[in-house]
1. I want the local charge near residue B:28. Using Cβ-Cβ distances under 12 Å, sum +1 for each Lys or Arg and -1 for each Asp or Glu among the other residues.
2. Based only on other Cβ atoms within 10 Å, what is the fewest-to-most ordering of B:47, B:100?
3. Near the amide H of residue B:38, under 5 Å away, which other amide H atoms are found, from residues 5 or more places off or on another chain, if H is placed in the peptide plane?
4. What FRET efficiency would be calculated for the residue pair residue A:73, residue A:8, taking the C-beta separation as r and a Förster radius of 30 Å, to the nearest 0.05?
5. Taking K and R as +1 and D and E as -1, what net charge do the other residues with C-beta under 14 Å from the C-beta of residue B:6 add up to?
6. Provide a whole-number value for the mean count of partner chain Cβ atoms within 10 Å of the Cβ atoms in peptide B:54-60.
7. To the nearest 0.05, what FRET efficiency results for residue B:26 and residue B:105 with a Förster distance of 25 Å applied to their C-beta separation?
8. So for B:145, A:25, B:123, B:67, fewest C-beta neighbours within 10 Å to most, what's the order?
Amino acid sequence: MNTEITLTVKLKGALQQYNKESKICVKVPNNSNLSTLKEAIIRALQKEAPTLTCDTALIESSVFANETEILERSSTLKTDQTLILLPPVCGG
Amino acid sequence: MSSNCLIQISENKIHIQDAFDYISANEHGANSSFIGSIRSKNLGKDVIAVSYDACTSLATNILSQICEEAQQQTTEPLRIYITHFKGRLQVGETSIIIAVSSPHRHEAFVACRFLIEEIKKRCPIWKQEHYSNGNSEWVKGHALCQH
């Protein structure tokens with residue numbers, strides 16, 4: 001049984017400035033919650049672009065979604081999957 | 001999605017007439033619309049263009065939910081058309097059109113206002129402004145609600 005899972009996280013809006021491909025892959029322990037995933041993303045972005053000051057407040061105010069819905073705060077991560085990290089929105 | 005609601009995230013130029021063609025109905029005497037376009041100034045900066053990024057599938061789902069909520073607020077029937085642009089626009093070009101028809105004006109006005117306010121707060125769309133000095137900046141927005 002895998003003790004770690006791999007998440008591919010697409011970065012939207014202002015988060016794209018931290019990664020040229022607008023996506024990042026991170027490994028987290030199986031059954032991690034979304035807070036753990038955010039911490040892993042911050043560490044990974046800081047490692048990839050150490051000269052950029054990672055806006056942790058922006059990431060903290062972002063939420064995770066899949067292609068169809070925003071994930072609930074209590075969600076746990078059990079399988080390798082692709083998610084989207086959505087910063088504050090400003091359509092219109 | 002309701003058969004009385006048309007929702008699109010489009011990379012094509014928005015045509016206002018398409019909206020009015022869609023919401024037109026013989027039993028509806030009121031047509032209300034909101035048209036958003038790119039303005040040349042924001043917070044004292046000279047804007048020359050705006051790029052819109054969107055999660056198309058998720059945005060379409062959320063727009064559909066917002067349309068359902070608009071309809072639930074009235075017993076009068078509504079026809080709703082929403083198209084939001086994705087991509088880069090120059091100053092003066094149209095970024096969004098919302099059009100609503102109903103038998104009477106009050107419901108059309110209320111629904112149109114509700115739709116644009118909810119889109120600004122809930123729809124996964126982002127804009128990056130491009131300035132005359134060559135700089136670009138993502139616009140700060142509303143944090144999405146997570147249950």
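1. -1
2. B:47, B:100
3. B:92, B:93, B:95
4. 0.90
5. In short, -2.
6. 5
7. 0.90
8. Exposure proxy ranking, most exposed first: B:145, A:25, B:67, B:123.
Quick note: the coordinates plus some simple rules give every number you see, no bench work behind them. Predicted model only: the values in this text are computed from it and were never measured. Counting neighbours? That spans all protein chains shown, and the Cβs are built from the backbone with ideal geometry, glycine included.
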